[in-house]
Amino acid sequence: MSVRIDVLTIFPDYLAPLGLSLVGKAREAGILDLHVHDLRNWTTDRHRTVDDTPFGGGAGMVMRADVWGTALDEILTPDAHLLLPTPSGQVFAQPTAHALAAETHLVVACGRYEGIDARVAEHYRAAGVRVSELSLGDYVLNGGEVAALVVVEAVARLLPGVVGNPESLVEESHGEAGLLEYPVFTKPPTWRGLDVPDVLLSGHHARIARWRRDEALRRTAARRPDMLEALDPAALDARDREV
Ligand SMILES: COc1ccc(Cn2ccc3ccc(-c4cc(N)[nH]n4)cc32)cc1
């Protein structure tokens, strides 16, 4: 089964990285059916205008609802989930990536300027389209394209057959364990006077697993205590609580 993702933007070249590496391979394999569209293809004037001045005044420009409406009417399908990157959206996180990876059609509308006329989201919600406004976090970007790159990559890597070893999807940060990733090491065993922890060279799998969980717990407590708070207490055993 493949997921169709349509991305609409006035900067289609911004999405060029999605032709590379794992996402590019997923597209070649037919696992991900990704289409990037230039929003200006739905304009009707000779200047291919997509924006205008904001009602109520203020700096900057706003993207026109009529242009977006013409484009989305053509691209949306009955089972589509419309994603609207915005600074004021719900922060995108791994649970949402998993939910989106289970969908059949995602449409990402990349705004620019001061954003997209609010009636676009309102209209499609009223028409029964699932609409999600997504933020990447509490910082300000110039448009939705970076968010589209993030969402497409985060979703694509969860699709069956995209990541070589599905095991690597289980233990990752913000993954099932709800903890941050433990530190990883590879050859050489000593580098600039720094040694790899002995336990990792011991071949003792139970000890290695314990060390990794302890490190994940320590890192999470130090860097993201909020994640530790959010953990289901049942997910921590007595040994964990000693860390
Ligand atoms: C303060 O109000 C602003 C309104 C729009 C903009 C520029 N802009 C236009 C479309 C668009 C889509 C997403 C984002 C974004 C998402 C996150 N996490 N940061 N920034 C920014 C976007 C800047 C600021």
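The values are calculated or read from the model by the stated rules, or taken from the named source; none is laboratory data. Note that this is a predicted model, so its numbers are computed, not measured. When we count neighbours, we look across all protein chains shown, and the Cβ atoms used for this are built from the backbone with ideal geometry, even at glycine.
What to note about this one:
- Scan of the range 120-147 for residues that are of a type in the set (Phe, Trp, Tyr) and farther than 19 Å from Leu39 by Cβ, ordered by number: Tyr139
- For the range 1-14, the set of residues classified as farther than 21 Å from Thr49 by Cα and in a helix (DSSP H, G or I) is empty.
- Scanning the range 23-34 for residues that are of a type in the set (A, V, I, L, M, F, W, C) and crowded, with 16+ Cβ neighbours inside 10 Å turns up Val23, Ala26, Ile31, Leu32, Leu34.
- Restricting attention to the range 113-131 and to residues that are closer than 22 Å to Ala99 by Cβ and free of Cβ contacts under 8 Å to residues at least 12 places away in the same chain, the residue that is nearest to the ligand (Cβ to nearest atom) turns out to be Arg125.
- You will find that of Asp214, Asp226, the residue that is in contact (Cβ under 8 Å) with a residue 12 or more places away in the chain and either closer than 24 Å to Leu169 by Cβ or touching a strand residue (DSSP E or B) at 6+ places or on another chain (Cβ under 6 Å) (or both) is Asp214 and no other.
- The residues on offer are Leu76, Leu32, Leu22, and the sole one that is more than 14 Å from the ligand (Cβ to nearest atom), modelled with pLDDT under 95 and of a type in the set (A, V, I, L, M, F, W, C) is Leu22.
- Members of the range 90-112 that are over 15 Å from Ser2 (Cα atoms) and either crowded, with 17+ Cβ neighbours inside 10 Å or not assigned by TED's automatic domain parsing to the domain that holds Asp66 (or both): Phe92, Thr96, Ala97, Val108, Ala109, Cys110, Gly111, Arg112
- Flag if Gly89 is within 12 Å of the ligand (Cβ to nearest atom) and in contact (Cβ under 8 Å) with a residue 12 or more places away in the chain: yes
- Filter result for Val36 (farther than 21 Å from Ala126 by Cβ and in a strand (DSSP E or B)): yes
- The set of residues in the range 48-78 that are surrounded by fewer than 18 Cβ atoms within 10 Å (Cβ to Cβ) and acidic (Asp, Glu) comprises Asp52, Asp66, Asp73, Glu74.
- Condition met for Val67 (under 24 Å from Pro17 (Cβ atoms), within 16 Å of the ligand (Cβ to nearest atom) and modelled with pLDDT of 95 or more): no
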